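A short write-up of the structure that comes next.
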There are 2 protein chains.
Amino acid sequence: MTEGKSAFDALFHPRSISVIGASSNTAKLGGRTFRNLKDLGFQGSLYPIHNRDQEVQGIPAVPSVGDLPDDVDMAFILVPAPSVVQALEEYAAKGVRSAVVFSSGFAEVSEEGRASQERITALAKETGMRIVGPNCMGVMNVHEGMLGTFTSSFDYGLPSPGRISVVSQSGAFGAHCFVLARERGLGLNLWATTGNECDVDVADCLGYMAQDPQTEVILCYMEGCKSKERLVGALEIALQRNKPVVMLKVGRTEVGAEAASSHTASLVGSDAVYDAIFKQYGVHRAETIEELTDICYACVAGRFPPGKRVGLVTISGGVGVVMADAASQAGLEVPPMPDETQKKLKKLLPFAAVRNPIDFTAQALTDTALVRQNLEIMLDEGGCDAVVLFLASVGLNPRLMGQLTDSLLELRKQFGQELIVMSILVREELKKTLEDAGFLLFEDPTRAIKAVAALMKFGEAFRNAGKKQPPPALPEGGLPFPTSTVGEYEAKRVLAAAGIPVVEERLAQSAEQAVAAAGELGYPVVLKIASPDIPHKSEIGGVVLNLDSAEAVAQAHAQLLERAREHQPNARIDGILVAAMVSGGVETILGVSRDPVFGPVVLFGLGGIFVEVMKDVTFRLAPFSVEEAHRMIREVRGYPLLEGVRGQPPADVEALAQALAQLSAFAAAHQERLETLDLNPFIVLPEGQGALAVDALIVPRED
Amino acid sequence: MTEGKSAFDALFHPRSISVIGASSNTAKLGGRTFRNLKDLGFQGSLYPIHNRDQEVQGIPAVPSVGDLPDDVDMAFILVPAPSVVQALEEYAAKGVRSAVVFSSGFAEVSEEGRASQERITALAKETGMRIVGPNCMGVMNVHEGMLGTFTSSFDYGLPSPGRISVVSQSGAFGAHCFVLARERGLGLNLWATTGNECDVDVADCLGYMAQDPQTEVILCYMEGCKSKERLVGALEIALQRNKPVVMLKVGRTEVGAEAASSHTASLVGSDAVYDAIFKQYGVHRAETIEELTDICYACVAGRFPPGKRVGLVTISGGVGVVMADAASQAGLEVPPMPDETQKKLKKLLPFAAVRNPIDFTAQALTDTALVRQNLEIMLDEGGCDAVVLFLASVGLNPRLMGQLTDSLLELRKQFGQELIVMSILVREELKKTLEDAGFLLFEDPTRAIKAVAALMKFGEAFRNAGKKQPPPALPEGGLPFPTSTVGEYEAKRVLAAAGIPVVEERLAQSAEQAVAAAGELGYPVVLKIASPDIPHKSEIGGVVLNLDSAEAVAQAHAQLLERAREHQPNARIDGILVAAMVSGGVETILGVSRDPVFGPVVLFGLGGIFVEVMKDVTFRLAPFSVEEAHRMIREVRGYPLLEGVRGQPPADVEALAQALAQLSAFAAAHQERLETLDLNPFIVLPEGQGALAVDALIVPRED
């Protein structure tokens, strides 16, 4: 064993590997894996274990694990499932610190397999050995030529070394990724498939890659994650180090989720929670495999623009419109060029449209100096954070493209830092020249725009991470968390003590107390039955609104008690709640629910049909800052309602954001006890007037 | 002139072409266009006009248009803008029936240019000559080698003949299309760019292509259309002949629309209206250029599945999930395989997931007979309308792929009609073999799924077109259409007479009449001020709800008159409206607005914030059938509200659909007089109880 290395270093930078199940027959997985290790550039020592043969594929065999030297970093296990545990035990006894179990036949096939897999998990815990798999396709360090996988696709091309690291729960998908990367000309660094994740999981690998100095972009395929701490920890490191994580997380729709759970034995959390995490940690969630590679490709250039303003240049007006549409749909701005700039551009190209998109028409290509001048003016004065240039199929025309390339390379020297993306059909060689100069190239203009949008979002996430605020503190002297479901009065008292604004109210035990309370609160008031046994009060007429006199209050008091008696004679009645009448404002819903993996998840949505019909809600893991709450609020489609529509004043979004963040802190503080929590409705009053919970429900976890 | 041909036949199938502005210098547009006509396969006669040279590029020149023989079908005009009108006049005098004006410098640059262009339009009308352009890139008939355009990209490859016809308003985009088609291996038939559309427009070409027996798919790029009749007529023919139209219509977002209107001098109608037309006529509106070519590629195979059930087969479980997600998002069904089928599949491949997606894992590829057996079972018994097969990068492995191809080709013979789509990385030659056998191939699985969804939608549109219902008839004895804006009472009488259900109500001139009316209608009732001068009654308290006694009615009557006097002393008061109180039901909005190009457009949306915040509305051109109204209603995102949420009963969607269709017939009948019409709210009662307009407003056109 090499000293000073972590088990993870041993996994990704081994200097010596022992392979059990290695074979001279390369039609077998053990033979192919061994050949890939032996022939494709790995410089370390290889120790095949074989109890009969003297050598495997020309490398001296070691008769048993016990006969190995002491400096073995990693073991590759390719024996049948029933022999895996013993092999691991022997390697562990030999002090080997990491292992990759390729063998299948575990939790994915049977209960017996699951039991074996649990023994491997236990072994990893006992010995500290880090174990990848079982049922995986191995690991690679492309820079070190350690291509530890059994794929046969290396016959048709090797992965090239680069700055993208890949971690995939699925072996087949991981293999597909390196073929896609190779075909796209993308270089890889580390690569791991985690399979059944008996010990090492996607989050572990993500965390290692986030800290790996040679990794600049992480491509991740995930079906589910069992550890909040590891996943969130890894994403936090990546974010702090400005390393984009591009994620394909499967299981978005119901059908998809069904397929995901039959595919692996993993626990797939609710998809909305993953969405929340990805937003919170600036992860780009790709919807398609093409998008996954597009965005990785774009990230490798390492240019994350400082803002969302994009300049569009085209030789076809129509495509200019297509790009402008796509940019606007992707949340980018397409600012008009300043007037002076427009004049300059117009002088150069009288036929051109010069506002943005700039359409300098195909004619302009006959004078590439002119194209360069145009771009120079735009980059200099346009105030854009990125430029996208549509050049149709000019790249297929060697004469035109030769001149144009020279101009573009000159331009690149002048504007080294700018993100300049081209949509162009171009032959491979020229493509490489332009990419090496730092241009990004896409055939389709919409894909180019989407890539720019992703880079801009990463830029924003990295900047936000740099100035990340803590979640708010809870005030001193909070009330104890309820031990059983409590009615709204009690719930609101607990929330108010935690700094969450609630409607002012009193619990009255008599008509006289109710009238007195109304006097203190000021008319009009609302009266409600307060009973832990009647959660849906309004269904039995248990709420009376808009009472504007002592008589009305006294009458309503009697009426409510009567209705409770009538509908639920055995209900415990805490009293009658007298509350200030809240009128106006925008109805929202704040809530918390407990995810079995990720703990308390905070929900925000607009009230009523927005939530029930449109499912217009968004989530975050608790706790989070007021700034994060602001981002969250702006994500719902109904947000314009808070800005004021139909002549309504803008709502107090700051108060709402503070309440959301405060709720997240409260939920985090009580995560061991909290099952669900609802503030519904939570009314956001006009700007400057605050926001408050009108009703509340806290449900603690059952023990 | 050739007898028996239409001017459009002359345009797309000319036997002789005269080119004015032809030059021996191929650096000039006139030289390049002439060379392309001369050298690339056109078999007809060419008559270059040249007043000095004896020949142009070796072809004898004709000194002037007047000297031409009498059999010239088409003229290509490449002279400078100021000489264009004269040239056209001379050709027209010679009896030439079609012309293409390439020259720019018309409406797109100046008022003077616009005036010249108008002269061309007038000339076309006077002479019957059909004129394409100006400011266009020409026309082609690829089968006949008539490549009438000045592109230089033919130097790097010619378009190959095929079954897709292309019409593009933008020349540059049209040129880009044939390069994209060539790179994608798609064959073209007719191709036209319409430029400024002084006479021939996109719709004309669409109509010709829809009737052209050699055209099976139409790719169209459009910025705007000036004629409803031509566009709708063309799309109707395409639909009736089962020819898919794949459309890129630019100007979707505000920024995009701005760019579109600065790009051409064309009138760009409201984008929502185009969406309505495309839905109504089964046009696939592509959002991206890539999608445009993807869907055309898919359509060429001519397989439009009979339903929406898709079977998914994969060698990576993860990608199975990606495909299932994409299918579900695209509105496809991913039905589980029947139990018996699952058993059979499981027997063949014990490790496979067999529900749907079927994941037969990469292992299965080692036995291609097994793959074939699997697919056979699935196609035979799975009850799917299409199958998508993810094969990762197997196509790059010649050994595996060779065997697999044989199996797949066998399978194709057995299931000749099925739509089978593969997502696979594959080298060009093998790709062609599989495509020739009728498989569709995409690299990205999501793009494969989207193509299947598009084909399924086309199939649905073709089937619907086959059983298309007429719009409902208007009842006899309708009331005259109002000549000025009328109040809700009058509006509802007119609508009711047209067969559109409205709330039952009476106009009362006194408290006694109001009480009598309430008695007839039955309590509770609503009272409203009826005045053409007070359109927003509720703002001045002009509506009193839920009156349940004669006293209450009498009191409300007095109160309303008082309020009207107070707020608008000079308003004309028609009386007080007494209406039955409608309670329950779902609030919707029905409306009509007049589009300057497309006439009355019917709107449907759910009431309140659904319309105002979510813009959750959909449109159709009037008139349309009840069936079309049903499709329309199901398009809004809030549709679940009509199906019943929060314990509400399902709404009477049939009554709603009938009212929408009836409204469309009414709008069409009065399209010359109607400016806007609103039924807001239009209440849809629970199933079986009907639907009715509670308020209405009709605004006639100003003369």
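The values are calculated or read from the model by the stated rules, or taken from the named source; none is laboratory data. Nothing here was measured: the structure is a model prediction, and the numbers come from that model. In this analysis, Cβ positions are derived from the backbone assuming ideal geometry, glycine residues included, and neighbour counts consider all displayed protein chains.
Please pick out the residue among A:Asp339, A:Asp325 that is within 30 Å of A:Lys249 (Cβ to Cβ), in the same structural domain as A:Ala461 (by TED's automatic domain parsing) and among the acidic types (Asp, Glu).
Working: A:Asp339 fails: within 30 Å of A:Lys249 (Cβ to Cβ).
Just a single option satisfies the conditions, and that option is A:Asp325.
Tell me which residues, restricted to segment A:440-468, are among the β-branched types (Val, Ile, Thr) and either within 13 Å of chain B (Cβ to nearest Cβ) or under 17 Å from the mean Cα position of the chain (by Cα) (or both). Full working, then the answer.
Let us first name the residues in segment A:440-468 that are among the β-branched types (Val, Ile, Thr), namely A:446, A:449, A:452.
Hits for segment A:440-468 are A:Thr446, A:Ile449.
Within segment A:510-531, how many residues are out of contact with any Asp or Glu (no Cβ under 7 Å at 6 or more places or on another chain), surrounded by 15 or more Cβ atoms within 10 Å (Cβ to Cβ) and not basic (Lys, Arg)?
Taking segment A:510-531 first, the residues out of contact with any Asp or Glu (no Cβ under 7 Å at 6 or more places or on another chain) are A:510-520, A:522, A:525-529.
In the following step, the residues that additionally are surrounded by 15 or more Cβ atoms within 10 Å (Cβ to Cβ) were identified as A:511, A:513-518, A:525-529.
Those still in the list that are not basic (Lys, Arg) too: A:511, A:513-518, A:525-527, A:529.
Residues meeting the conditions: 11.
Just name the residue that is nearest to B:Pro700 (Cα to Cα) out of those in segment B:650-687 that are out of contact with any Gly (no Cβ under 8 Å at 6 or more places or on another chain) and polar (S, T, N, Q).
B:Ser664
Within segment A:153-170, how many residues turn out to be within 8 Å of chain B (Cβ to nearest Cβ), in a helix (DSSP H, G or I) and of a type outside the set (Asp, Glu)?
2
In a helix (DSSP H, G or I) and in contact (Cβ under 8 Å) with a residue 12 or more places away in the chain: which single residue out of B:Leu495, B:Leu474, B:Leu479, B:Leu507 fits that description? If you could, list the steps in order and put the result at the bottom.
Values: B:Leu474 fails: in a helix (DSSP H, G or I); B:Leu479 fails: in a helix (DSSP H, G or I); B:Leu507 fails: in a helix (DSSP H, G or I).
Matching residue, one of B:Leu495, B:Leu474, B:Leu479, B:Leu507: B:Leu495.
Within segment A:550-650, considering only helices (runs of 4 or more DSSP H) that don't extend past its boundaries, which have at least 3 residues that are under 21 Å from A:Ala661 (Cβ atoms)?
Once the helices (runs of 4 or more DSSP H) in segment A:550-650 are filtered for at least 3 residues that are under 21 Å from A:Ala661 (Cβ atoms), what remains is A:626-633, A:640-643.
Here are A:Glu429, A:Glu443, A:Glu376, A:Glu418: which of them is surrounded by 15 or more Cβ atoms within 10 Å (Cβ to Cβ) and over 20 Å from A:Ser316 (Cα atoms)?
Numbers: A:Glu429 fails: surrounded by 15 or more Cβ atoms within 10 Å (Cβ to Cβ); A:Glu443 fails: over 20 Å from A:Ser316 (Cα atoms); A:Glu376 fails: over 20 Å from A:Ser316 (Cα atoms).
So the residue among A:Glu429, A:Glu443, A:Glu376, A:Glu418 that is surrounded by 15 or more Cβ atoms within 10 Å (Cβ to Cβ) and over 20 Å from A:Ser316 (Cα atoms) is A:Glu418.
Rundown of residues vs (1) within 13 Å of chain A (Cβ to nearest Cβ); (2) farther than 30 Å from B:Arg427 by Cβ, yes/no style:
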residue: B:Cys177; (1), (2): yes, no
residue: B:Thr193; (1), (2): yes, yes
residue: B:Gly207; (1), (2): no, yes
residue: B:Val245; (1), (2): no, yes
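Give, as residue ranges, the helices (runs of 4 or more DSSP H) completely inside segment B:279-370 that count at least 2 residues that are surrounded by fewer than 22 Cβ atoms within 10 Å (Cβ to Cβ) and without any contact (Cβ under 8 Å) to a residue 12 or more places away in the chain. Reasoning before the result, please.
On the way: elements: B:289-300, B:317-329, B:339-348.
Hits in segment B:279-370: B:317-329, B:339-348.
Specify which of the listed residues (B:Val255, B:Val217, B:Val232, B:Val250) is surrounded by 20 or more Cβ atoms within 10 Å (Cβ to Cβ), outside the structural domain of B:Val85 (by TED's automatic domain parsing) and modelled with pLDDT of 95 or more. Steps first, please.
Numbers: B:Val255 fails: modelled with pLDDT of 95 or more; B:Val232 fails: surrounded by 20 or more Cβ atoms within 10 Å (Cβ to Cβ); B:Val250 fails: modelled with pLDDT of 95 or more.
Going through B:Val255, B:Val217, B:Val232, B:Val250 in turn, just one is surrounded by 20 or more Cβ atoms within 10 Å (Cβ to Cβ), outside the structural domain of B:Val85 (by TED's automatic domain parsing) and modelled with pLDDT of 95 or more: B:Val217.
Test of understanding: among B:Ala22, B:Ala27, B:Ala10, which residue is over 38 Å from the mean Cα position of the chain (by Cα), closer than 18 Å to B:Met146 by Cα and not in a strand (DSSP E or B)?
On the way: B:Ala27 fails: closer than 18 Å to B:Met146 by Cα; B:Ala10 fails: over 38 Å from the mean Cα position of the chain (by Cα).
Result of the check over B:Ala22, B:Ala27, B:Ala10: B:Ala22.
List pairs: first residue in segment A:638-649 and under 21 Å from B:Gly638 (Cβ atoms) and at the interface with chain B (Cβ under 10 Å from one of its Cβ atoms), second residue of a type outside the set (A, V, I, L, M) and not in a loop (DSSP other than H, G, I, E, B) anywhere in the structure, Cβ distance under 7 angstrom, at least six positions apart or on different chains.
That search, which allows pairs on different chains as well, returns A:Gly638/A:Phe610; A:Val645/B:Glu612; A:Arg646/B:Glu612.
Read through the list (1) crowded, with 17+ Cβ neighbours inside 10 Å; (2) in contact (Cβ under 8 Å) with a residue 60 or more places away in the chain; (3) assigned to a helix (DSSP H, G or I), then give the number of the only condition that A:Leu434 fails.
(2)
Considering A:Gly148, A:Gly138, which residue is touching a strand residue (DSSP E or B) at 6+ places or on another chain (Cβ under 7 Å), within 14 Å of chain B (Cβ to nearest Cβ) and not hydroxyl-bearing (Ser, Thr, Tyr)?
Details: A:Gly148 fails: within 14 Å of chain B (Cβ to nearest Cβ).
Going through A:Gly148, A:Gly138 in turn, the sole match is A:Gly138.
Quick one: how many residues across segment B:570-624 are within 14 Å of chain A (Cβ to nearest Cβ) and free of Cβ contacts under 8 Å to residues at least 24 places away in the same chain?
7
Being surrounded by fewer than 20 Cβ atoms within 10 Å (Cβ to Cβ) and not small (Gly, Ala, Ser) is the requirement here; does B:Arg114 meet it? Spell out the reasoning first.
Working: surrounded by fewer than 20 Cβ atoms within 10 Å (Cβ to Cβ): yes; not small (Gly, Ala, Ser): yes.
So B:Arg114 fits the description; yes.
When only residues in segment B:101-119 that are at pLDDT 95 or above and under 30 Å from the mean Cα position of the chain (by Cα) count, which is farthest from the other protein chains (Cβ to nearest Cβ)?
Step by step, filter segment B:101-119, then rank; the result is B:Glu118.
I'd like to check something: does segment B:95-103 contain any residue that is on the phi < 0 side of the Ramachandran plot, surrounded by fewer than 22 Cβ atoms within 10 Å (Cβ to Cβ) and assigned by TED's automatic domain parsing to the domain that holds B:Phe12?
Filtering segment B:95-103 for residues on the phi < 0 side of the Ramachandran plot gives B:96-103.
This time we only want the ones that are surrounded by fewer than 22 Cβ atoms within 10 Å (Cβ to Cβ), so: none.
Scanning segment B:95-103 turns up no residue that is on the phi < 0 side of the Ramachandran plot, surrounded by fewer than 22 Cβ atoms within 10 Å (Cβ to Cβ) and assigned by TED's automatic domain parsing to the domain that holds B:Phe12.
Kindly provide the set of residues from segment B:349-383 that are closer than 23 Å to B:Ala326 by Cα and within 14 Å of another protein chain (Cβ to nearest Cβ), ordered by number.
Within segment B:349-383, B:Ala352, B:Ala353, B:Val354, B:Arg355, B:Asn356, B:Pro357, B:Ile358, B:Asp359, B:Phe360, B:Thr361, B:Ala362 meet the criteria.
Give the residue, chosen from A:Gly138, A:Gly148, A:Gly195, that is buried (at least 24 other Cβ atoms within 10 Å of the Cβ), on the phi > 0 side of the Ramachandran plot and at pLDDT 95 or above.
On the way: A:Gly148 fails: on the phi > 0 side of the Ramachandran plot; A:Gly195 fails: at pLDDT 95 or above.
Step by step, each of A:Gly138, A:Gly148, A:Gly195 is checked, and only A:Gly138 is buried (at least 24 other Cβ atoms within 10 Å of the Cβ), on the phi > 0 side of the Ramachandran plot and at pLDDT 95 or above.
Considering only segment B:297-308, I want to know if a residue exists there that is within 12 Å of another protein chain (Cβ to nearest Cβ) and hydrophobic (A, V, I, L, M, F, W, C). Give the steps one after another, and end with the answer.
Let us first name the residues in segment B:297-308 that are within 12 Å of another protein chain (Cβ to nearest Cβ), namely none.
Looking through segment B:297-308, none of the residues is within 12 Å of another protein chain (Cβ to nearest Cβ) and hydrophobic (A, V, I, L, M, F, W, C).
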